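K.L.:
The structure's right below; bear with me while I get my questions together.
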Amino acid sequence: MRIGLLGTGHVARALAAGWSRAGHDIVLGSRRPEETELLGELKELLDAGVRVGDPSAAAAHAEVLVNATPGAASVPLLESIGAPALAGKVLLDVAVGYQEDDTLTHPTVSLGEEIQQAFPRTPVVKTLCTVDSVVMTAPGSLEGPSTIFLSGDDADAKRTVSGLLLDLGWPRESQLDLGGIVSARGQEHFALLFIGIARATESFGFGIRVVPPAAP
């Protein structure tokens, strides 16, 4: 598939590498696509065939557009691209917004919901925001199976995203569909517990698993 990633941070780079290895056609969207320092940092990805453009170029390229920008800046960036350019594309939203005091920028309505409301012709699927950038693309690095979540109102969009998760190493049995985009609130709020677990274990490289009840 043609995938555009908005952002060039750790998350965007990890996802670009993972999907590039799986054979997808990747464009990273950056506000500074011609900056020498950035291009140097992205050399390994560029050598692998990943391209860099501005956010509008990444959106124009994409069948699936991935929001890997800081959560507080996500909607303004998408608005700068424009609703007509996003219409009909699947938008995979990874972002969580943090304030300086580690509280969330979206304490009541999730960023995923905000994006869906702002762009009603662009089906939004929230996923991958409950693990760090390493585990996103290497779930097999954990000691055992982990659970990844999907939230979204459009069933076809979720099937598309499910396939992309499979390409990153998340088997179908590890994917849990939580329902509509309103359920993205739970995914984003897990970020607070994620920080607590990371501090307690001194590691960001962990997953969580939904364990069903034992058979009677």
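The values are calculated or read from the model by the stated rules, or taken from the named source; none is laboratory data. Given the structure is predicted, the values throughout are model-derived calculations rather than measurements. Here the Cβ positions follow ideal geometry from the backbone for every residue, glycine too, while neighbour counts run over all protein chains shown. These accessible areas exclude ligands, DNA and RNA; they are computed on the full protein's heavy atoms, side chains included. Shrake-Rupley method; radii C 1.70, N 1.55, O 1.52, S 1.80 Å.
K.L.:
Do you know which of the residues in the stretch 9-27 that are touching a Ser or Thr at 6+ places or on another chain (Cβ under 7 Å) and either under 13 Å from Val94 (Cα atoms) or of a type in the set (D, E, K, R) (or both) is surrounded by the fewest Cβ atoms within 10 Å (Cβ to Cβ)?
P.N.:
His10
K.L.:
Mind counting the residues in the stretch 28-52 that are open to solvent by 10 Å² or more (accessible area, probe 1.4 Å) and not in a loop (DSSP other than H, G, I, E, B)?
P.N.:
Qualifying residue count for the region: 12.
K.L.:
A follow-up question, please. Kindly provide the set of residues from the stretch 53-89 that are open to solvent by 70 Å² or more (accessible area, probe 1.4 Å) and of a type in the set (S, T, N, Q), ordered by number.
P.N.:
Within the stretch 53-89, Ser80 is the sole residue that qualifies.
K.L.:
Residues Thr147, Thr130, Thr105: which one is at pLDDT below 95 and touching a strand residue (DSSP E or B) at 6+ places or on another chain (Cβ under 7 Å)? Break it down into steps so the answer makes sense when it comes.
P.N.:
Numbers: Thr147 fails: at pLDDT below 95; Thr130 fails: at pLDDT below 95.
When all the criteria are applied, what remains is Thr105.
K.L.:
Moving to a separate point now. What do you reckon, is Leu92 open to solvent by less than 20 Å² (accessible area, probe 1.4 Å), of a type in the set (A, V, I, L, M) and touching a helix residue (DSSP H, G or I) at 6+ places or on another chain (Cβ under 6 Å)?
P.N.:
On the way: open to solvent by less than 20 Å² (accessible area, probe 1.4 Å): yes; of a type in the set (A, V, I, L, M): yes; touching a helix residue (DSSP H, G or I) at 6+ places or on another chain (Cβ under 6 Å): yes.
Yes, satisfied.
K.L.:
Tell me, which residue of the stretch 161-213 that is in a loop (DSSP other than H, G, I, E, B), among the aliphatic types (A, V, I, L, M) and open to solvent by less than 90 Å² (accessible area, probe 1.4 Å) is nearest to Ser20 (Cα to Cα)? Quick ask: steps written out before the conclusion?
P.N.:
Of the residues in the stretch 161-213, the ones in a loop (DSSP other than H, G, I, E, B) are 168-171, 180, 202-213.
So of that shortlist, the ones also among the aliphatic types (A, V, I, L, M) come out as 168, 208, 210-211.
This time we only want the ones that are open to solvent by less than 90 Å² (accessible area, probe 1.4 Å), so: 168, 208, 210.
Numbers: Leu168: 10, Ile208: 26, Val210: 29 Å.
So the residue we want is Leu168.
K.L.:
State all residues of the stretch 14-42 that are in contact with a strand residue (DSSP E or B) (Cβ under 8 Å, 6 or more places away or on another chain) and either without any contact (Cβ under 8 Å) to a residue 12 or more places away in the chain or among the basic types (Lys, Arg) (or both); if no residue qualifies, say none. Don't jump to the end; show me each part of the working.
P.N.:
Within the stretch 14-42, the subset in contact with a strand residue (DSSP E or B) (Cβ under 8 Å, 6 or more places away or on another chain) is 15-16, 19-20, 24-30, 33, 38-39, 42.
Hits for the stretch 14-42: nothing passes.
K.L.:
Separate question: Condition (residue is in contact (Cβ under 8 Å) with a residue 12 or more places away in the chain, surrounded by 15 or more Cβ atoms within 10 Å (Cβ to Cβ) and farther than 23 Å from Trp19 by Cα) applied to the stretch 153-160: is it met by at least one residue?
P.N.:
yes
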